[in-house]
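The block underneath contains the structure these notes are about, expressed in structure tokens.
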Amino acid sequence: MRAFTSIVFGGIDAAPGPPPFFAARGLQAGQALLSMLALAVIMASVALIFGLPPLRVMGWPLLVAAIGLGAMLNGTSTSNRLALAVSSGLAIALSPWGASLFIDVSADGQEYHYDTIYALAHGWNPFRAPYAGFAPPEVTILIWPQHYPVGAPLLTAMVRNAGLSLAASKGILWLPGVAVPGIWFALLRGEGLAPRSAAALALLAAASPIYIAQLRSEYVDGFVAALAMAFVGLLLVALRQRRLDSLACALACLILATDTKFNAIAIFGTISAAVCLTMVIRRRIVAAFGLGLLLLGALLFVVLFIGSFPYITNWSGYGHPFYPIMGTDRYEVNNALLPGAVRDLPAIVIFLGTTFSVFARGFAGGPGAIFDFAEGGWPDGVVGGFGPIFGLALLLAIAIALVTLRHRRRSQARAMAGVIFLIAAMLLVSSLVTPYMWWPRFIPQLWICVYLCLVGAVLSDRSALVKLGWTCAAILAVNSAFVSVNSVRNGLSDSAVVRQHIARVKARGVPFCAAFGAAHARIELMREAGIKVEPMATGLPVECKGSEVIPLARDFLENPAQSCPCAAVPAALRRSGDRPADTTLADIERLFERSK
């Protein structure tokens, strides 16, 4: 094993020296946190595959065991391992507090993300049992939980089984972003960057707009984006500082991400290919081959084993591992969400146009807002770019890359800069060829591309490039600051609206009859508050005397959820256990026609 790793580590020149003491400790803490998350998912998946008790029985003990294993694998002494276990435990304890401030009002977060977590927390074993028997009661049985990866939902279900509320449990999805600064601080300090500069760039590494905007929802695009940023940092730390623990943690990030979202395969595959290609260009073929085998082995471990649901089951049952978004019978939901006026334009034209788009809930507020800083204020902005501030940073990053290519110098930073700019270039290409690339959450790697360019510039020995790098960093920081303010403001405001509505309904002291549309999670929130909820087995809109709109709840076609006085609801719609029919395909077709 030592001989193999020495070959792999020989693919990239070593860094000037190891990171200082505190930077190394931050690296260990980040690695322990990421290892804990990956180990929890791996152990839970293996247990489910072999038919052991469901998550509601073993979830919390597995999470505790993962904390201990993560600390043991990344620590160097008994006291150090204990400190790592405590830091991971504190992160798990504190993140739910922050998450509990926000109620998820996103479309998919209230619907199929919630449904998946509910089913797993209530005993669903996706490797051995059909989903329908464990779906939330009285809601539509949807196709998405039956075919999407379950890595992140497994984590959320584990903490739900520990007694956390629906709002608080999503805090575990924050943890990859918490781990990122320590990893990048260690990398940059090891490359010789001053402490303050390294700290500033390390904090910026965790400030992806997709990650920030999705902190208040169950969406997993930001979760995968943070894992991808950690993966890049860990690979570079492993290769430049010759650290086997960092390489193992990078593999853990790959495993966790690909077991969470389909497009993680493309993102992590691009990063892996760029690093291996760097080795090939430097004529270190054996090292490239060895690293490629390790990374491919981690991917196959997911696809063929712990992620056989859904990758293998989709392939064997429906002809494509990424069903239902790909394959012959795919659901054309993303095309339906595009306005008809732009649907037939080339993808690159839509991408360039939406990079400078404006949404109604931008930072300035209202449809007349000049800039869009946070995908319209929603965790899922549907169609639109990162906004004009990010567009400026992207142009500057491309300029930095071109200047670097024109003025190459042999320097200590060249080994690092070469791999960084190649990763950035390949991430840019992967973004431009990704289907639906105008949808920001589908290409979180584009933000990583810009970040890597500015890091390469800051590490350069050319003062002009260093200044360009810090300028780009400042632009990204401004963008992320606006995203943060906008997301927190809208998130707290939306959560207050939902809580006020629940309080008003509770004060009436009568049963609450309603058609919730896609807001399945709202039923549980209201029942948590002690309200007797009677979901109506019908779609939207509902015609009844005294109907009221349920705030921030809707169906796929944007019809608002409605409540009716129970006395005005026909008995046929109040039968306990009845479910609204699944109209997903018909709704997609209606939306496609309506938005022409």
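The values are calculated or read from the model by the stated rules, or taken from the named source; none is laboratory data. Predicted model, so just to flag it, every value in this text is computed and none were measured. In this analysis, Cβ positions are derived from the backbone assuming ideal geometry, glycine residues included, and neighbour counts consider all displayed protein chains. Remember, those area values only see protein heavy atoms, side chains included, never the ligands or the DNA or RNA. Shrake-Rupley method; radii C 1.70, N 1.55, O 1.52, S 1.80 Å.
For the range 1-79, the helices (runs of 4 or more DSSP H) that sit wholly inside it and include 2 or more residues that are out of contact with any Phe, Trp or Tyr (no Cβ under 9 Å at 6 or more places or on another chain) and crowded, with 24+ Cβ neighbours inside 10 Å are 21-49, 55-74.
Looking at ALA464, ALA477, ALA518, which is the one that is under 30 Å from SER547 (Cα atoms) and among the small types (Gly, Ala, Ser)? Break it down stepwise before answering.
Values: ALA464 fails: under 30 Å from SER547 (Cα atoms); ALA477 fails: under 30 Å from SER547 (Cα atoms).
Just a single option satisfies the conditions, and that option is ALA518.
Summed over the range 314-342, residues that are open to solvent by less than 60 Å² (accessible area, probe 1.4 Å), within 18 Å of TYR131 (Cα to Cα) and outside any loop (DSSP other than H, G, I, E, B) total 2. The single condition among (1) under 19 Å from GLY491 (Cα atoms); (2) open to solvent by less than 20 Å² (accessible area, probe 1.4 Å); (3) of a type outside the set (Ser, Thr, Tyr) that PRO145 does not meet is (1). Among the residues making up the range 463-480, those that are touching a helix residue (DSSP H, G or I) at 6+ places or on another chain (Cβ under 8 Å) and either over 19 Å from VAL180 (Cα atoms) or open to solvent by 10 Å² or more (accessible area, probe 1.4 Å) (or both) are ALA464, LEU465, VAL466, LEU468, GLY469, TRP470, THR471, CYS472, ILE475, ALA477, VAL478.
Criterion applied to SER197, SER246 was being among the hydroxyl-bearing types (Ser, Thr, Tyr), at pLDDT 95 or above and surrounded by fewer than 21 Cβ atoms within 10 Å (Cβ to Cβ), and the one residue passing it is SER197.
The requirement of being touching a Ser or Thr at 6+ places or on another chain (Cβ under 7 Å), in a helix (DSSP H, G or I) and at pLDDT 95 or above is satisfied by LEU299. With respect to the stated conditions, ILE420 is in a helix (DSSP H, G or I), modelled with pLDDT of 90 or more and more than 22 Å from the chain's Cα centre (by Cα).
Rundown of residues vs (1) under 23 Å from the mean Cα position of the chain (by Cα); (2) touching a residue at least 60 places away in the same chain (Cβ under 8 Å), yes/no style:
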position	(1), (2)
GLN214	yes, yes
VAL224	yes, yes
ALA230	yes, yes
VAL237	yes, yes
LEU244	no, yes
THR258	yes, yes
SER308	yes, yes
THR328	no, no
